[in-house]
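Since the structure comes first, as C-alpha cells, the remarks are kept for the end.
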Amino acid sequence: MSVGTDRLTRLMARGAEFFGSDYAILAGAMSWVSERHLVSAMSNAGGFGVIACGAMTPALLDAEIAGTKALATKPFGVNLITMHPDLMALIDICAQHQVSHVVLAGGLPPGGAIDKIKASGARVVCFAPALALAKKLIRSGVDALVIEGMEAGGHIGPVSTSVLAQEMLPTIAEQVPVFVAGGIGRGEAIAAYLEMGAAGVQLGTRFAIARESIAHPNFKKAFIRASARDAIASVQIDPRLPVIPVRALKNAASELFAAKQREVAQALDEGRIEMGEAQLQIEHYWAGALRRAVIDGDVEHGSVMAGQSVGMVTKEEPVADIIATLLAEAAEALERR
Ligand SMILES: Cc1cc2nc3c(=O)[nH]c(=O)nc-3n(C[C@H](O)[C@H](O)[C@H](O)COP(=O)(O)O)c2cc1C
C-alpha cells in the first residue's frame, strides 16, 4: 500500500466504521435520483448510498427499501424529511426493514423522532447548519452530523462549506463523526476535509448522473454541459414572499420564477390577492419541478438541482469509477504531504 493510500485509509477509518462501508464517502440522498439503482450501486462499490424518501408515502418507501435490499450486498441508509406529515410512520417502515442508518434532513427533528429511530437500533444522522444547533443535536443523541455548505445542489443554507468546516470541525469532530458536504468534486478536497477532522464526506452532484442513475438523458447532458457558474441559487425578490434558496442549473424555469415573484408582488400591492394566497403561489411554484427534470427530462421548465461542483462532472461513468478516481486523487494528495 502506498503512503498516501495508507494515510487515506487511516483518515477514513472512523467514518467507514460508522457506516459499515469500505470508504467514508456518502452519496447524499437526492429526491427522484437516489432510488434503488444508484443507492445499491453506491453501497456495493464500497461507499454508502442513501435512499431519498422525499414525499414518498410509507407504502412507497417500504417498496423502495425492499427493492434496494434485493440489489444491495452492503448496508445503505434512508433520508427522511423532518416535515413529512407521516414522519413517524416512515420511521416505523425503516425499523421493520432494520435499516442501519436514518438521515434526518430539512430542519430540526420533531420531539421523539431521534429516540424512536435509536430505539429501532438504527443510527441517526442529522444536518447541522450552525455550531449552536450542532451542539443541541449532539445533546439530543444524534450519532453523527453532516455539515453542508451553500455550494451544494438542492436546498441550501447561507454559509460556504469551507467556513462551516473551520467553524465546526475543531469543536464537534471529537464528539461525533462529522461528514462534510457541498462543493466537493475531487479527492484533493476530500483529503483536506479529512485532515481538518472530518470523519468523511458527502457528495451529491458528482454521483447524480452516474451510469447507474436513472436520471433522464437530458438531465445527464445538462450536467455534462454546465460549468460551476451555471449552478445558481434561487433568489427572493420581495421581502413579503419567502423563498427557500435552492441551487439548480439556470434555465427558463429560474427566469420565469423571478417574473412570477414580480407578478405576485404586484397583485399584493394592488390588493388583488391575500398574503396567504400570495405566499402559497410562490411556495407551490416549484412543486413537481425536480421530477419534471430528473424523470421527464424537461430541463428547461423543471428544476435541474446541481451544486457548483457540476463543472467537474464531465462524463457519465459507473459509481465504482467515480469512487476510484476520488480515492486516487485523495491518496495522491496525501502522499505529497
Ligand atoms: C438533484 C439533487 C437532489 C437533492 N435532493 C435532496 C433531498 O431530497 N434530500 C436531501 O437531504 N438532500 C438533497 N440533495 C443534497 C445532496 O444530498 C447532497 O447533500 C449535496 O448534493 C452535496 O453537495 P454537492 O451537490 O456539492 O455534492 C440533493 C442534491 C441534488 C444535486
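The table that follows gives values for the structure above.
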quantity	calculated
Test: residue in region 184-192 that is within 29 Å of residue 283 (Cβ to Cβ), within 19 Å of the chain's Cα centre (by Cα), near the ligand (Cβ under 9 Å from one of its atoms) and in contact (Cβ under 8 Å) with a residue 12 or more places away in the chain	no
Boolean, residue 161 is crowded, with 24+ Cβ neighbours inside 10 Å, under 16 Å from the mean Cα position of the chain (by Cα), closer than 27 Å to residue 22 by Cβ and not small (Gly, Ala, Ser)	no
Helices (runs of 4 or more DSSP H) enclosed by region 218-301 - at least 1 residues per element that are touching a residue at least 60 places away in the same chain (Cβ under 8 Å)	289-294
Residue within region 39-59 that is without any contact (Cβ under 8 Å) to a residue 24 or more places away in the chain, hydrophobic (A, V, I, L, M, F, W, C) and outside any loop (DSSP other than H, G, I, E, B) present	yes
Residues that are assigned to a loop (DSSP other than H, G, I, E, B), closer than 30 Å to residue 209 by Cα and out of contact with any helix residue (DSSP H, G or I) (no Cβ under 9 Å at 6 or more places or on another chain), drawn from region 102-154	106, 107
Leading residue by the ranking (surrounded by the fewest Cβ atoms within 10 Å (Cβ to Cβ)) among those in region 177-231 that are in contact with a Phe, Trp or Tyr (Cβ under 7 Å, 6 or more places away or on another chain) and not polar (S, T, N, Q)	177
Any hit, region 36-54, residues being under 18 Å from residue 206 (Cβ atoms), crowded, with 19+ Cβ neighbours inside 10 Å, within 16 Å of the ligand (Cβ to nearest atom) and hydroxyl-bearing (Ser, Thr, Tyr)	yes
Of all residues making up region 268-321, the number that are over 16 Å from residue 226 (Cα atoms) and not aliphatic (A, V, I, L, M)	21
Residues of region 268-326 classified as touching a Ser or Thr at 6+ places or on another chain (Cβ under 7 Å) and either away from the ligand (no atom under 16 Å from the Cβ) or under 20 Å from residue 257 (Cβ atoms) (or both), total	7
Cβ-Cβ under 9 Å pairs, at least 6 apart or on other chains, region 149-165 side within 13 Å of residue 232 (Cα to Cα) and within 11 Å of the ligand (Cβ to nearest atom), far side at pLDDT below 95 and among the β-branched types (Val, Ile, Thr)	155/244; 156/244
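The values are calculated or read from the model by the stated rules, or taken from the named source; none is laboratory data. Predicted, not measured: the structure shown is a model, and the values here were computed from it. Every residue, glycine among them, receives a Cβ derived from its backbone with ideal geometry; neighbour counts consider all protein chains shown.
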